[in-house]
Each structure stands twice: as structure tokens, then as C-alpha cells.
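The values are calculated or read from the model by the stated rules, or taken from the named source; none is laboratory data. All values derive from a computational prediction rather than experimental measurement. Neighbour counts run over all protein chains shown; Cβ positions are idealised from the backbone, glycine included.
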Amino acid sequence: MQPQQLRQLSRQLVRQLGMLNSQCGQLALTPVQAHTLIELEQGPCTVNQMAERLRVDKSNASRNLAMLLNQGLIHSIANPNDKRSQLSQLTPNGIQTLTALHHQLDKDTQTILDQLDQDEIEQLETSLCRYHKALTITDHQQGYVLREITPLDNAAVAALIRRVSAEYGLTPDRGFSVADPHLDDLCQHYQLPKSRYWVIEKNNRILGCGGVAPLAGDAQWSELQKVFFLPELRGKGLARVLTVKALKFARENGFKGCYLETTEVLKEAVKLYQSLGFIDIPTALGNTGHSICEIHMLKTF
């Protein structure tokens, strides 16, 4: 899917869901006002909090809260944590209106779901959740640069891999990738055909890395290799971004799929690979030299 296709589908969904209408279904509420009531269902909040939740500017949030106040759907109460601001809260009439709104929207949504089989519904749920998470997490990725490794990065990348390996107890004497002979010249190593290695940096400091190359001993498969992130880079979704880039590169270079070896100590990594469609396989593929890794995973293209 190209960006233009996703934007077009998003526009169509917004229109079909009535988000451009001046009224939400049968109720005298705009879509923004309906969203405001739904947020207040979770409890009272300030204007600033409402603006943040709805991802609108403060004046927009304030204007809609004022209109709901005039309709008697909400009222203002003192903010016990800040005397300079007030909290907006649903009134009994607001609760009743919100209940009617939920009933109407649930009924409309069920009509849509009735046209999908169970497996389609499950696939839709997974995809929408993934899409929502991607939308949310991109805010935390600003300022980070994903690029190919250069010879000047070799020392910093090797130090990063050694540091993270030590953090998880993946010592060289046990045969993990930190013991690979080419660890100090990764840029040159990944100049080989159908190989690529990337780094993630911020303010000229390398914080993560990972690559893909033909699987040793079975070149019909690619292998995800040496994906390491410093603690400050974790939880921002960038490991997924790098891994997806590696998978795209592998597809474009004609591999049957992607193989990886890891260990149960790296729980976050295993969870990521599973979310990307990697499945556990009982035995190792190829000849990686990392026999200590007890988890073998494969994703076919």
C-alpha cells in the first residue's frame, strides 16, 4: 500500500462514518461534541486535558465544552488540584444523551459487523489496533534518523552491541553474535550482495542497529541479524520500523522469507517478532554458528 492509497481510504472512512457532518446520527451533537461527551464518561477533566485527548487546539476544546454547557449536558466543578482551572463533568441529562448515543452507534456498527465473517472481524481488529498504535507512537519517533551504516560507525556500533549483550548476559564465551569475528567491521561485512545494515541515531549518537543478510548455509532465506537497542531507545516503536525495513529489503531481493535466532532472555524482541508474523520452528536453519540460541523463528513471504 502506498501513502496515497492509505490517505484515500482514510478519507472515505471519515466521510462514511459521518465525521464531516454537522450532526452525529439522530442526535443534535456534532462529531466533536460526541467525542467530548465520550471522553467525559471516563471522568471530569480540564479544557487542556480535553484538548490533549481529542488532539485539537485548546480554543476548539473550550468552544465545544461551552456549547455542551449551554445545552445542559455538562456542568463545571472546582478543580481540587488547581484553583485556577475548573473541571467539566457530565450532568444527568448528559449521561442520558450519551447512553442514547452509544445505543445508536453500537446499532449502526453492528450492522457493519454483520457483513463480516468471524475471521475477517478478527483480522480487522488486529489491523486497526496495529494502525492505531502506529499513529500514536510516531510522535515519539521525532528526531531519530534511520540510515545505512558507514565505516565511521563501526566502532560505535560494536561498542553498542557489546554493551547491550553484557546487559542481558549474552557473553562472547557462550557463542552469541557478540563473539562474531566481523563485529568490529560491520560496514564492510554488510557490503556483501543482498546484505544491508542500518543504524538509528539522534544528535549524532548511535542508539540502535540491525541488519539482514543471506542465511549462511541456506541462501534462499534471509536472516535478521544483530538487532540491538540501547535502553533509551526502547519503547518507541523504532525496533519495528527497522525490522520492517529489513523485511522489505529481503522481499525485494527475492528471498523466500526471513529467519532469525534469539534467546528467551530477549523477551521484548521475541514479542516484536511474533507480532510481525514470525513463527517458532523446532530446529535451526542454515549454519549461523550461534548454537546457543534456543529460539528459532521464521517468516515466509
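The residue of segment 267-279 that is surrounded by the fewest Cβ atoms within 10 Å (Cβ to Cβ), among those that are in contact with a strand residue (DSSP E or B) (Cβ under 8 Å, 6 or more places away or on another chain) and under 23 Å from Thr171 (Cβ atoms), is Val270. Look at Gly210 and say whether it is modelled with pLDDT of 95 or more and crowded, with 19+ Cβ neighbours inside 10 Å. Yes, satisfied. In the set Glu232, Glu201, only one residue is assigned by TED's automatic domain parsing to the domain that holds Val157 and loosely packed, with under 13 Cβ neighbours inside 10 Å; that residue is Glu232. Pairs are defined by a Cβ separation below 7 Å, a sequence spacing of at least 6 or placement on different chains, a first member in segment 8-25 that is in a loop (DSSP other than H, G, I, E, B), and a second member that is of a type in the set (Val, Ile, Thr); the pairs so defined are Leu20/Val14; Ser22/Thr30; Gln23/Thr30. Taking the listed residues Leu101, Leu90, the one that is in contact with a strand residue (DSSP E or B) (Cβ under 9 Å, 6 or more places away or on another chain), at pLDDT 95 or above and not assigned by TED's automatic domain parsing to the domain that holds Thr263 is Leu90, with no other qualifying. Among the residues of segment 76-128, those that are free of Cβ contacts under 8 Å to residues at least 40 places away in the same chain and charged (D, E, K, R) comprise Asp82, Lys83, Arg84, Asp106, Lys107, Asp114, Asp117, Asp119, Glu120, Glu122, Glu125. Could you grab me the full set of residues in segment 202-261 that are closer than 28 Å to Leu135 by Cβ and either acidic (Asp, Glu) or in contact with a Pro (Cβ under 8 Å, 6 or more places away or on another chain) (or both)? Matches in segment 202-261: Glu232, Glu252.
Put simply, of Gly210, Gly254, Gly217, Gly169 the only residue that is within 21 Å of the chain's Cα centre (by Cα) and not hydrophobic (A, V, I, L, M, F, W, C) is Gly210. Just one residue in the set Leu160, Leu170, Leu186 is without any contact (Cβ under 8 Å) to a residue 60 or more places away in the chain, surrounded by 11 or more Cβ atoms within 10 Å (Cβ to Cβ), of a type outside the set (Lys, Arg) and in contact with a Phe, Trp or Tyr (Cβ under 8 Å, 6 or more places away or on another chain); that residue is Leu186.
The test for being in a loop (DSSP other than H, G, I, E, B), exposed (fewer than 14 other Cβ atoms within 10 Å of the Cβ), touching a strand residue (DSSP E or B) at 6+ places or on another chain (Cβ under 9 Å) and not hydrophobic (A, V, I, L, M, F, W, C) holds for Glu264.
Criterion first (at pLDDT 95 or above, of a type outside the set (Lys, Arg) and not in a loop (DSSP other than H, G, I, E, B)) does Ala155 satisfy it? Yes. Do the conditions hold for Thr288, that is, is it in contact with a strand residue (DSSP E or B) (Cβ under 9 Å, 6 or more places away or on another chain), in contact (Cβ under 8 Å) with a residue 12 or more places away in the chain and assigned to a loop (DSSP other than H, G, I, E, B)? Here the answer is yes, as Thr288 does meet what is asked.
Can you say whether Leu69 is touching a residue at least 12 places away in the same chain (Cβ under 8 Å) and either in a helix (DSSP H, G or I) or of a type in the set (Asp, Glu) (or both), as far as the supplied structure shows? Considered against the rule, which asks whether it is touching a residue at least 12 places away in the same chain (Cβ under 8 Å) and either in a helix (DSSP H, G or I) or of a type in the set (Asp, Glu) (or both), Leu69 comes out as yes.
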